[in-house]
Amino acid sequence: MTMGLRSERQRRAPRSVFVNPEHCIGCRQCEFACAVEHSRSNDQFAAFLEDPVPRTRVHVEAGDVPSTSFPNRCRHCDPAPCQQVCPTGAVSRDDEMGVVLIEATRCIGCAMCAVVCPFDVISFYPLAEGPDPQTAVAVKCDGCIDRQRRHEVPACAEACKVEALVYGELNELIRSGRVRETRAVLGAADLTHQPAADPLAGWHAWGDEILTVAAAAHMPGHNHHNGHGNGHGPAKSTNKSDGGSR
Amino acid sequence: MSTVSRDGHHSGRLTINEDARRMIDVAREEGIETVWDRLQAQQPQCGYCSLGVSCRNCSMGPCRIDPFGAGPQKGVCGADADVIVARNLGRTIAAGSSSHSDHGRDILEVFLATAKGETTGYRIADEAKLLRLAAEFGIPSDGRSVSDVASDLADRLFEDFGSRKEHLSFVERAPAKRREVWEKLGIVPRGIDRENVEMLHRTHMGVDNDYVNILLHGLRTGLSDGWGGSMIATELSDIMFGTPSPRMSEVNLGVLRSDQVNVAMHGHNPLLSDVIVSAAQDPELLELARSYGATGINVVGLCCTGNELQMRRGVPIAGNHLMQELVMMTGALEAMVVDYQCIMPSVTDVAKCYHTQIISTADKAKFPGATHVSFDPHRGAEIGKQIVRMAVEAYPNRNPDRVRIPVKPVQMMAGFSVEAILGALGGTPKPLVDAIAGGAIRGAVAVVGCSNPKVPQDYGHVELTRQLIEHDVLVIVTGCAAVANGKAGQMLPESARMAGPGLRGVCEALGIPPVLHMGSCVDNSRVLVLAGALASYLGVDIDQLPLAGAAPEWYSEKAVAIGAYVVASGVKTVLGVQPPIFGSPHVVDLLANGLEGVTGATFAIEPDPAKASLLIRRHIEAKRKALGLPYEEVEEMAPAVEAVGTGA
């Protein structure tokens with residue numbers, strides 16, 4: 001059984017939504033877009049008034065460090081632990097699109113899928129397509145399979161303005177991250193041996209200017225203390241050697 | 001539903017106008033970015049902000065409410081969706097009111113300086129109107145010089161900006177019954193600056209935490225614009241530049257001349273544009289233009305500056321808000337002279353692709369990449385010439401191979417001030433009242449407001465207006481809506497043929513179009529004066545009249561202020577673009593339903609012009625029925641917002 005599923009993965013690298021958590025600014029646009037995409041109206045002005053209310057399937061949780069966050073969603077594992085443990089066969093895989101789907105009407109709410117999910121991205125809410133409007137069923141990312149069939153980008157990746165969520169061929173997305181890291185590593189190594197620009201140069205010039213003006217206008221006594229005040233005073237040199245990287 | 005989808009990005013779906021379509025295609029060919037490209041790049045736009053449930057008023061935040069219910073329902077301070085939506089809306093109204101009112105103050109300052117003889121290029125053009133206003137305010141004029149009377153009037157109006165008065169001077173123009181409504185609600189506007197400052201105060205964290213109380217002050221803030229800042233701007237502009245009277249002019253990009261120096265006046269305040277029009281007739285500058293091979297200097301208008309100039313001087317209009325980038329793609333524009341409001345920061349980027357000079361003039365509105373000429377009314381005439389000279393000097397840089405003026409201009413009629421309308425009626429509102437009472441004219445609707453790239457350009461304005469006049473509803477237009485209707489050929493006396501039989505008969509008898517151009521966006525104050533005059537004539541309140549307002553393509557904060565004062569004055573207003581309030585069903589319910597029992601008028605939101613037309617006609621017929629006038633049954637339909645309000 002798993003051989004059949006795996007053969008699809010072996011033939012081609014899947015198209016997927018890849019996460020660059022270091023880009024995430026915590027705006028939660030992906031959550032909003034996901035909920036609207038999974039509403040009946042598909043209208044941002046009306047979706048939240050529906051009953052049952054549509055739910056996001058991507059979850060932005062904050063990190064320990066302020067202003068860090070991670071947009072977490074189903075990774076559509078293959079084989080999928082949730083599929084392997086579901087006692088009612090509610091979890092299936094769409095071979096063509098390579099996404100794991102949950103059939104809401106077959107879900108009995110046992111939460112075994114959530115227990116084994118390595119990413120904790122399965123939650124339980126009533127759904128419009130569920131057995132009835134009150135009963136909570138397993139809810140997770142469906143890969144925006146309808147959009148993908150129309151050759152459209154999944155809603156979360158479309159909403160993301162900072163490329164924290166990007167959609168494409170998995171190896172390409174990973175490679176673009178590798179390119180970024182390569183440039184960062186080589187940039188930090190400073191292989192050109194050019195002296196780095198003094199990032200505080202503007203401040204120093206401003207400070208020198210202030211001292212010059214002060215010395216000329218009001219504080220003749222400071223003239224001696226601060227040197228000539230011509231933009232190359234001793235204060236600047238000291239700062240530069242303290243703060244320099246070499 | 002209001003956003004441009006990917007498959008809707010073809011130029012033919014962005015605008016209904018041939019000139020805009022052709023220029024958008026040019027922009028695409030040449031890789032020049034336009035407002036539609038930037039709207040597309042912003043999709044999908046922030047859902048929290050679209051619903052109004054994001055707040056960045058303080059540094060405990062920023063916060064947002066999760067409208068889907070799973071996430072936070074309160075900001076850090078404890079404000080819920082109702083408070084956040086109301087605070088945001090209140091600040092939007094204050095920004096819009098402040099914009100109009102600051103424009104009014106600028107005119108007032110130049111008016112006083114002119115009265116004292118300290119300016120060049122300005123004069124008291126309509127002395128009769130000055131004397132009418134003086135009489136209205138009890139300022140003596142017998143045996144006094146024009147200068148003294150004008151100075152006294154200016155002093156009186158300066159007081160309206162402050163905090164020393166119980167109510168604004170022009171509030172007394174409102175019908176007595178309307179003033180009683182405002183007094184009962186405690187929303188009589190006291191001072192123009194005061195209401196705006198108080199709104200900023202109330203919406204600071206921990207001040208006004210009652211969304212109803214915030215919104216009531218929002219109405220008062222709007223009233224300080226409509227019956228204050230905007231009305232001062234309109235009335236003093238009339239005194240200084242002439243009260244508009246009907247005149248023929250032209251509109252669309254075809255007003256640019258391939259053989260002349262073209263100067264586009266863009267922005268809002270007639271203080272600047274009026275001296276430029278005069279300077280363009282200067283013999284020395286005309287001679288300079290001829291020396292460069294041009295046959296003349298052609299001044300055209302954009303946006304509301306265009307409306308101000310057309311209403312008073314018959315100057316042709318190149319287009320409305322969404323044409324400001326496209327006008328440069330004709331390759332025939334030497335200079336775009338700007339003051340303030342609605343001037344996209346992108347104009348300097350587009351100008352870099354052509355020989356066009358962007359000349360900024362207001363010290364409060366600078367544009368990196370533009371040439372700044374600080375406008376000083378004390379030397380108005382001289383600065384006007386300096387600016388026109390810069391435009392002429394740019395003419396030799398024009399590349400004739402890139403000039404493509406896409407269409408022939410369309411004729412339109414402008415200039416319907418309240419004075420002009422009453423003049424056409426023989427000096428009294430009686431003929432109009434009789435036509436409405438008899439049913440030849442069912443009612444009147446002000447179609448106003450901006451252009452918004454979320455709506456195919458001019459579609460909302462033109463389609464709604466067409467459907468209204470077909471059903472014998474007289475339409476009054478200002479701002480971008482006026483330009484749109486002009487381009488569609490709906491603003492000529494002959495356009496009466498497009499109207500229903502009743503309206504057509506009245507228009508043909510008076511020789512007027514079925515769509516009357518009342519001016520710029522500050523000139524919506526003229527609509528208030530007209531509505532007030534009709535109500536006072538009949539001894540009723542404004543909310544009893546068969547009137548409505550519509551802003552089918554609004555985008556700006558000023559439009560929200562206008563909506564606030566129009567509804568607070570008792571006129572139902574239909575918006576074509578969703579305001580950011582839907583995150584609070586309580587606020588929506590108050591604005592769409594609850595206000596009916598408070599100001600006698602509500603907001604509705606209906607993006608489809610056909611449905612908006614039905615909604616408005618149903619409202620007008622209901623008002624007719626209540627007044628005991630003959631009425632018709634209009635097909636039933638539920639507008640989008642009322643359906644949402646009920647479901648909440």
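The values are calculated or read from the model by the stated rules, or taken from the named source; none is laboratory data. The model shown is predicted, which means the values in this text are computed figures rather than measured ones. Here the Cβ is made from the backbone with ideal geometry for all residues, glycine too, and neighbour counts use every protein chain on show. Areas reflect the complete protein model, heavy atoms only, side chains present, ligands, DNA and RNA absent. Shrake-Rupley method; radii C 1.70, N 1.55, O 1.52, S 1.80 Å.
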I'm checking my understanding of the structure. Among residues of the range B:67-79 that are crowded, with 17+ Cβ neighbours inside 10 Å and modelled with pLDDT of 95 or more, which one is farthest from the other protein chains (Cβ to nearest Cβ)?
B:Ala79
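Scan the range B:45-66 residue by residue and report those that are without any contact (Cβ under 8 Å) to a residue 60 or more places away in the chain and within 11 Å of another protein chain (Cβ to nearest Cβ).
Selection gives B:Gln45, B:Cys46, B:Gly47, B:Ser54, B:Pro62, B:Arg64, B:Asp66.
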When the range B:134-168 is examined, which residues are found to be among the β-branched types (Val, Ile, Thr) and in a loop (DSSP other than H, G, I, E, B)?
B:Ile139
If I filter the range A:57-69 for residues that are modelled with pLDDT of 95 or more and either assigned to a loop (DSSP other than H, G, I, E, B) or farther than 22 Å from A:Val17 by Cβ (or both), do I get at least one hit?
yes
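Take B:Tyr537 and tell me if it is modelled with pLDDT under 95 and more than 14 Å from chain A (Cβ to nearest Cβ).
yes
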Kindly check whether there is at least one residue in the range B:271-285 that is closer than 20 Å to B:Asn524 by Cβ and touching a His at 6+ places or on another chain (Cβ under 8 Å).
no
Do you know which residues across the range B:59-74 are part of a loop (DSSP other than H, G, I, E, B) and in contact with a Gly (Cβ under 7 Å, 6 or more places away or on another chain)?
B:Gly61, B:Ile65, B:Pro67
Just give me the residues in the range A:54-82 being within 14 Å of chain B (Cβ to nearest Cβ) and either out of contact with any strand residue (DSSP E or B) (no Cβ under 8 Å at 6 or more places or on another chain) or among the small types (Gly, Ala, Ser) (or both), in sequence order.
A:Pro54, A:Thr56, A:Ala62, A:Pro66, A:Ser67, A:Ser69
Filter result for the condition that a residue is assigned by TED's automatic domain parsing to the domain that holds A:Val17, polar (S, T, N, Q) and touching a residue at least 60 places away in the same chain (Cβ under 8 Å), over A:Ser67, A:Ser123:
A:Ser123
Within the range B:375-406, of all residues that are in a loop (DSSP other than H, G, I, E, B) and open to solvent by less than 30 Å² (accessible area, probe 1.4 Å), the one farthest from B:Thr119 (Cα to Cα) is B:Pro406
Note on B:Ala150: of the conditions (1) under 24 Å from B:Leu534 (Cβ atoms); (2) touching a Leu at 6+ places or on another chain (Cβ under 7 Å), unmet is (1)
Name the residues in the range B:346-361 that are under 24 Å from the mean Cα position of the chain (by Cα), surrounded by fewer than 22 Cβ atoms within 10 Å (Cβ to Cβ) and of a type in the set (Gly, Ala, Ser), would you?
B:Ser346
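Quick one: which residue in B:Asp7, B:Asp25 is at pLDDT 95 or above, in a helix (DSSP H, G or I) and of a type outside the set (Lys, Arg)? Quick ask: steps written out before the conclusion?
Details: B:Asp7 fails: at pLDDT 95 or above.
Answer to the selection: B:Asp25.
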Looking only at the range B:454-507, and only at residues there that are open to solvent by less than 10 Å² (accessible area, probe 1.4 Å) and hydroxyl-bearing (Ser, Thr, Tyr), the one that is nearest to B:Gln411 (Cα to Cα):
B:Ser495
Residue under evaluation B:Ala509, criteria (1) touching a residue at least 12 places away in the same chain (Cβ under 8 Å); (2) more than 14 Å from B:Thr478 (Cα to Cα), criterion not met
(1)
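Tell me yes or no: at least one residue of the range B:444-456 is hydrophobic (A, V, I, L, M, F, W, C), assigned to a loop (DSSP other than H, G, I, E, B), in contact with a His (Cβ under 6 Å, 6 or more places away or on another chain) and touching a residue at least 40 places away in the same chain (Cβ under 8 Å). It would help to see each step written out before you state the result.
Taking the range B:444-456 as the starting set, the residues that turn out to be hydrophobic (A, V, I, L, M, F, W, C) are B:444-448, B:450, B:455.
Those still in the list that are assigned to a loop (DSSP other than H, G, I, E, B) too: B:448, B:450, B:455.
Narrowing further to those that are in contact with a His (Cβ under 6 Å, 6 or more places away or on another chain): B:450.
Among the residues that remain, those that are also touching a residue at least 40 places away in the same chain (Cβ under 8 Å) are: B:450.
Yes, because at least one residue in the range B:444-456 is hydrophobic (A, V, I, L, M, F, W, C), assigned to a loop (DSSP other than H, G, I, E, B), in contact with a His (Cβ under 6 Å, 6 or more places away or on another chain) and touching a residue at least 40 places away in the same chain (Cβ under 8 Å).
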Based on this model, can you work out whether B:Gly296 counts as small (Gly, Ala, Ser), touching a strand residue (DSSP E or B) at 6+ places or on another chain (Cβ under 6 Å) and under 22 Å from B:Gln386 (Cα atoms)?
no
Out of A:Asp146, A:Asp95, I need the residue that is in contact (Cβ under 8 Å) with a residue 12 or more places away in the chain and either more than 14 Å from chain B (Cβ to nearest Cβ) or surrounded by fewer than 17 Cβ atoms within 10 Å (Cβ to Cβ) (or both). Which one?
A:Asp95
Going through B:Ile562, B:Ile581, B:Ile605 one at a time, which residue ends up being over 20 Å from the mean Cα position of the chain (by Cα) and either open to solvent by 40 Å² or more (accessible area, probe 1.4 Å) or not hydroxyl-bearing (Ser, Thr, Tyr) (or both)?
B:Ile581
Go through A:Ala46, A:Ala35 for me and flag whichever is modelled with pLDDT of 95 or more, within 14 Å of chain B (Cβ to nearest Cβ) and within 16 Å of B:Pro67 (Cβ to Cβ).
A:Ala35
From (1) assigned to a helix (DSSP H, G or I); (2) touching a helix residue (DSSP H, G or I) at 6+ places or on another chain (Cβ under 9 Å); (3) open to solvent by 10 Å² or more (accessible area, probe 1.4 Å), pick out the condition that doesn't hold for B:Val171.
(3)
Whether any residue in the range A:72-89 is open to solvent by 50 Å² or more (accessible area, probe 1.4 Å) and of a type in the set (Ser, Thr, Tyr) is what I want to check.
no
Determine whether the range B:1-24 contains at least one residue that is of a type outside the set (D, E, K, R), crowded, with 22+ Cβ neighbours inside 10 Å and over 30 Å from B:Asn524 (Cβ atoms).
no
Does the range B:87-99 contain at least one residue that is over 30 Å from B:Tyr211 (Cβ atoms) and surrounded by 14 or more Cβ atoms within 10 Å (Cβ to Cβ)?
no
